[in-house]
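Read through the structure below, which is laid out as structure tokens, and then see the notes.
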Amino acid sequence: MAQTGSQSSTFPEIVELNVGGQVYVTRLETLTTVPNSLLWTKFTQSSPGDLPKDSKGRFFFDRDGFLFRYILDYLRDSELFLPEFFKERRRLQREADFFQLPELSRRLAAVSKDTDTEDSEEAELTSPATTTSSSDRTLRSPGASAGYITIGYRGSYTIGRDIQADAKFRRVARITVCSKISLAKEVFGDTLNESRDPDRPPDKYTARYYLKYNFLEQAFDRLAEAGFHMVACNSTGTCSYASNDPGEDKLWTSYTEYVFSR
């Protein structure tokens, strides 16, 4: 019984985390890299029973699960590489403040200030574990941030008996997103609905995400801002009548996909 009590009061060497619905597995040593950070405090000054857990026993943090990957990269490698056209530096800085990583927060603030005046390539952010000064921070080509995103939608419109009459505006039921998880979240952020494919790791792919709005142009604007360009599109359509009377309005239903590349 004494052995069981000892085991329950110490953390395992390999730790499973649930951060905002995203699952991460890492070493205890990684989480405690930066002294006096929130993770260092939680995993050195507390016992496993003191921390909240999800239904599967993973330690739970109610924070942005996608952005936590960058927090973890910073702790693992003593540096952080952000993708080109990364639009969530200020949100990531807020996460750094929450996890009590002041040096990371300071460097994110510096990068945000730099990119207000010039286009930045991938930024290398050095952690307190290294001696690199802020003036030594380098900009690198992203490479790994390249990829494809396919936007799909199913819409319908009606053409009256008089073909010269205006067609009724299209109705877009849902805009779907097919891509690598990390790319989709980078571009669409909190406008992405992940309910049909939750708990997917950032390096996996999905065809089940969709957007919380129904305006294609809004999706295109976000993709353009993130450096994506349309490289292909295709569409299929069917025609039917509201009744068996050929004189009735024609109802056209179409499915269209747009492929974007960066």
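The values are calculated or read from the model by the stated rules, or taken from the named source; none is laboratory data. The model shown is predicted, which means the values in this text are computed figures rather than measured ones. Neighbour counts are summed over all protein chains in view; Cβ atoms, including those assigned to glycine, are modelled from backbone coordinates with ideal geometry. Protein only, heavy atoms only, side chains kept; ligands, DNA and RNA dropped before computing areas. Shrake-Rupley method; radii C 1.70, N 1.55, O 1.52, S 1.80 Å.
Points worth noting:
- Residue that is modelled with the lowest pLDDT, among those in segment 144-180 that are closer than 17 Å to LEU82 by Cβ and either surrounded by 20 or more Cβ atoms within 10 Å (Cβ to Cβ) or not charged (D, E, K, R) (or both): ALA144
- Condition broken by LEU80, with the remaining ones in (1) touching an Asp or Glu at 6+ places or on another chain (Cβ under 7 Å); (2) under 26 Å from SER195 (Cα atoms) satisfied: (2)
- Considering residues of segment 244-262 that are modelled with pLDDT under 70 and in contact with a strand residue (DSSP E or B) (Cβ under 7 Å, 6 or more places away or on another chain) only, the residue least open to solvent (accessible area, probe 1.4 Å): ASP249
- Flag if PHE11 is at pLDDT 95 or above and touching a Leu at 6+ places or on another chain (Cβ under 8 Å): no
- Of the residues making up segment 214-223, those that are among the hydrophobic types (A, V, I, L, M, F, W, C) and at pLDDT 90 or above number 3.
- Within segment 43-77, being closer than 22 Å to ASP199 by Cβ, touching a residue at least 12 places away in the same chain (Cβ under 8 Å) and part of a helix (DSSP H, G or I) holds for PRO48, PHE68, ARG69, TYR70, ILE71, LEU72, LEU75, ARG76.
- Selected residue (only one of THR30, THR26 is open to solvent by less than 40 Å² (accessible area, probe 1.4 Å) and in a strand (DSSP E or B)): THR26
- Breaking point among (1) outside any helix (DSSP H, G or I); (2) open to solvent by 30 Å² or more (accessible area, probe 1.4 Å); (3) of a type outside the set (D, E, K, R), for GLN218: (1)
- Here PHE86 meets the list (1) part of a helix (DSSP H, G or I); (2) buried (at least 16 other Cβ atoms within 10 Å of the Cβ) almost entirely, failing just condition (1).
- Residue in segment 43-53 that is open to solvent by 20 Å² or more (accessible area, probe 1.4 Å), closer than 29 Å to ASP190 by Cα and either modelled with pLDDT of 95 or more or not hydrophobic (A, V, I, L, M, F, W, C) (or both) present: yes
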